[in-house]
Every structure is written in structure tokens, then in C-alpha cells.
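Just so you know, all these numbers are worked out from the coordinates, no wet-lab data involved. The structure presented is a predicted model; accordingly, all values stated were derived computationally and were not measured. All Cβ positions, even for glycine, are placed from backbone atoms using ideal geometry, and neighbour counts span all protein chains on display.
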Amino acid sequence: MKRIAIIGGGISGLSTAYALEKKRRQGVQVEYTVYEARARLGGVLVTEQADGCLIEAGPDSFLTEKPWAADLCRELGMGEQLIGSNDKDRKTYMLARSRLIELPDGLMFMVPTKIMPIVLSPLFSMKTKLHMVREWFHPPHRANDDETVASLIGRHYGPEMVDLLADPLLSGVYGGEASQLSVRAVLPRFADMEAEHGSLTRAMLAVRRSAVPVGGGPSRPLFTSLKQGMQQMVEGLLAQLSTDSVNTGTMVQAISLEAGGWIVSAGLKSDQFDAVILALPAQAAADLLGLASRELALELRGVNYSSSVTVALGYDQKVRQSLPPGFGFLVPRGQGKRMLAATFVHNKFPHRTPHDRALIRCFLGGARDEQVVALSEDEILRIVRLELKEIIGIRAEPLFVRVFKWRGAMAQYGVGHLERLQRIESLRQKLPGLALAGNGYNGIGVPDCVHSGTRAAEEILKTLGMPDSQSISARS
Ligand SMILES: Cc1cc2nc3c(=O)[nH]c(=O)nc-3n(C[C@H](O)[C@H](O)[C@H](O)COP(=O)(O)OP(=O)(O)OC[C@H]3O[C@@H](n4cnc5c(N)ncnc54)[C@H](O)[C@@H]3O)c2cc1C
């Protein structure tokens, strides 16, 4: 019997445990133990209820385009529970010149693909509009080195596009800045599109043409979630794991590699394992790996993280009617606000609120405003309410509020991230029986984390020389 420790009980660690549990049930001689520092499992996946509203403290959904999370839900028998975002009402606003301006139709992430809506939009200056027209003739270009998203987008569409679109969009997803994040790690498709087509607009149009099935076909929602919220995924996974294998409230303080295998020390207890999977933010993995490999710990520490604060505010029917339609708004840096974005949950996922309630979820923090997590909840609320009044005129008292702080939760893939991953991988391979999962490596979204957990489990079984399920059934 091989013993595997999984450290971290967020979605990455639970996906790892589930992958091992499936193998165990198929007869592979393996047992696992999950160590989770907090009292509850799921990491940043937390769903709460208030006044008939469903509140997400961390992620509220995942990108439909990345299949791993939805596939996992189907495998867990929760296919019927999957829901899509209400895309027929999808509209996003940008705060510019102190008012909300709707993002023009035809923007694919940050690439304009329709001329007229852009020409007519008051969001961009004439100079930027001319830049967008010229972009059509951008020659193919393959950059030798990695660069920032700001540098690539600025080259194609000018600096205003970086400030008004790239930066706020990346703040929303990564809590990071366009001037820091790596194109190759964050938007690898853009680098390929530039190399092949030159113009990102022409490339995006070509992608869209090839993606549309002949004769049309139903388009998939941009975001997928679960009827009862993201925590449903955690509960679905837990229902599959044996309770003896999961330790909550158990912070691992140290791990070391000794002749007989890996020693994991948590509280006053130490235990020996054949392998260890660190399903943790890279910084937390670095804290544990100092003894086994100083070099690897240093590389992991080089993956920066930013903190995030989400604030949910519930309002009555009157406020709901006063709000603009659509999914919410983004706030570019130059607007002098601390809020990065706000989602109108009652429009994005309508069944998550009663008809006579509005639910607004605001985001603060990110690489530029780490200090916000240190503020008291009252102070955060004061800021959010003042800014909501200034931006969308809400003066009413909220019916309920919730503030959630996530310290060092969002990985920032800086320039050179992919090279760092290669160094991490070669150092990791020198430590037999070690695997890494989580959001510090190949994607920070929930689907990426599910994928990383599954792959880490497979990797470890392979290095332990465990037979796969097919060879077991052939023998039995
Ligand atoms: C506010 C917010 C909004 C987001 N929105 C979205 C979204 O809408 N869509 C999307 O796809 N993604 C979103 N993300 C990103 C995504 O949710 C995360 O990247 C992902 O959930 C991380 O999962 P994880 O298991 O790798 O890490 P975590 O959830 O951080 O879990 C790691 C766990 O390890 C535990 N731990 C740490 N150290 C130790 C130790 N020494 N011993 C034992 N346990 C330890 C922690 O307590 C924690 O529970 C969001 C993230 C945040 C913070």
C-alpha cells in the first residue's frame, strides 16, 4: 500500500483526493490523507445565504470554455445542477470620465471585432479609434522574449486601450496589472495570433468564423456555475471521499524528505508517506519546501500573489429598479476609486436572488491595493458604500452586507513565468514523490485548479510505479 499526503483542502487538493479515491476504488493499492489548515474545506470556494440571496465569497462561476470543472461536476452526478450565466442580458460598463459607459458590442475580451459599435462608442478617443483601424494592417510578429500584456496591447491598439480595457479586465480576473502580467502565461493565444496573423482583430475574426458550426447552433454561456453555488462542488467532492482521509483544522508546519520517504509534521504529530502533493498557493508551498530544497522554495516564492476583498450588499426592489441592466461594471485605475469592479448578481445569475432584491458584489484589492485587506470591515464598507453612491447613485441602507478577505489568494503570472515553471519542474523532479497543484502554475481559474489536481495525482501514481486501473482489471 502506498501512502500519499495531500496538503491543502481547496478545490485543487480535493480534486487530487478525488482522482486518487477513484483509483483506490478501482483496486490500486493507494491511500491518501488530506491536510487542511482551516476548519472547513474548499479554500476560497465559500457560498453563504442571506435574505433569500445566494452569496459567493470567492469565485462565483468558471469559464465554460475550460472543460475540467464542468466535467468533474458531471462525473460527480451534478450535471443537472450546472447553470449558465444569463448572457442575453450580458452588458458590462466601464467607469470613464466619472460615468458608466457600456462596453461596445464586438469586443472579444480586449480585442475589437466590430467596427460600427466601436466608432460610435463614447468610451474611446478618436486617436484610439484610428489606432484600432490601423491595427488591421499590423504585420505578423513573433516576439523573441516574453513581454507584458500592456506592451502587446499598447503596440496594437495604443495606451488608452491598456488603461481602459486591458488593465481593468486583468484586475477582474487576476487582481493584477497589465504592466506586470506576462502575455505568454496569461494570454498565450494573443502571442500566437500576433505571430500568425499580425492583426489581433483579424485573428479573432478568423477564430470566430472557424468556431461557429455550419448553420449556427446554440452558443454556450460564457460562465458556468452551480445552482446552489460553488460550494456545491466542494460538497460533491467530499461526498466521494472517505471522512477518515480528510483532516481539517490541521496545519502542516513542515515536510522533509528522509530515507524512508516524506515526513509530514502537523501539530504534535508526524507521519510518513511515500509521496506528498502540495495543493497550495505557491508561496505556502515554498514555506514547506525550504528543508527539502532551498532552490525550489526560492523559485516558488518568485510567483507573486495579490490579495482580494469581496463585499456583497443586498438591497430592496427600489434599488434594483434604479440599477442599469447588465452584469456590472469595471473601474479603470485612473478613476481614483478603490473598487476594481462590481457584479450585479441579480442579472448575471437571476435565480440567486428573489425578484424583489438586488445583490451587488464589489471587488477591491489586487496588486495595486494590498493595503485594503488590513482595513477593518467597517472601513471597507464605508469605502464601498461611498463609491457605490458616486458611481451608481445608491444612497439606501443595504439590507445585509458581507465582507470577505482573501489574503495572498490570486497568483500573478509575471513576465518570465513560463521559464520559472520550467525551473520549478526540473527542481521538482529531483525530489522523488513530490507533486505540485494549485493556482500558481498553469492557470488560476477553478477549472485550471481541478485540472492541476487531477494531473498531480496521475503524476504521483506514475512515479510510484502504481499500475493503472486497466492493468488491474486485466489481472483480476
Ligand atoms: C475573490 C476570488 C474570486 C475568484 N473568482 C473566480 C471566478 O469567478 N472563477 C474562477 O474560475 N476562479 C476564480 N478565482 C480563482 C480560484 O477560485 C482559485 O484560484 C482557486 O479556487 C484556488 O484553489 P486552490 O485549491 O488551489 O487554493 P485555495 O483555495 O487557496 O486552497 C488552498 C488551501 O490550502 C490550505 N493551506 C494553506 N497552507 C496550509 C498548510 N500549511 N497546511 C494545511 N493546509 C494549508 C488553505 O487553508 C486553503 O484552504 C477567484 C479567487 C478569489 C480569491
Estimated [θ] at 222 nm from DSSP helical runs (n ≥ 4, -39500 (n - 2.57)) normalised by residues in the chain, nearest 500 | -10500 deg cm²/dmol
Calculate the length of the line joining the C-alpha centroid of the range 85-108 to that of the range 1-80, in whole Å.
-> 33
So for R0 = 41 Å, FRET eff. of residue 295-residue 390 from the Cβ-Cβ r, to 0.05, ends up at 0.25
Would you tally the net charge around residue 140, using a Cβ to Cβ cut-off of less than 10 Å, leaving residue 140 out, and scoring K and R as +1, D and E as -1?
-> -1
Using alpha-carbon coordinates, inclination of helix 11-25 to the longest axis of the chain, degrees | 40
Mean separation of Cα contacts under 8 Å (6+ apart) over length of the chain, as relative contact order % | 25
Regarding the range 324-472, what whole-number volume in Å³ per residue does the convex hull of its Cα atoms give?
-> 185
If one compares the long axis through the Cα atoms of helix 377-392 with the longest principal axis of the Cα atoms of the chain, the angle in degrees, nearest 10, works out at 30
For the chain, size of Cβ-based charge dipole, Lys and Arg +1, Asp and Glu -1, in debye = 780
What is the distance, in nm, between label points placed 7 Å from the Cα along the Cα-to-Cβ direction at residue 71 and at residue 51?
-> 4.1
Once you have a ≥ b ≥ c as the square roots of the Cα gyration tensor eigenvalues for the chain, tell me rounded if a/c is under 1.5, and otherwise prolate or oblate according to whether a/b is larger than b/c.
-> prolate
Given 22/348; 269/430; 22/227; 127/405; 227/269, the pairs whose alpha carbons are separated by over 31 Å | 22/348; 127/405; 227/269
DSSP bridge orientation in the chain - percent antiparallel, rounded to nearest 5 | 75
All alpha-carbon distances of the range 201-285, grouped into 5 Å bins from 0, give the whole-percent distribution 3, 9, 11, 14, 12, 9, 8, 9, 6, 8, 7, 3, 0
Cα-based reach from residue 23 at 19 Å (exclusive), listing lysines while leaving out same-chain residues under 8 positions away = 2, 462
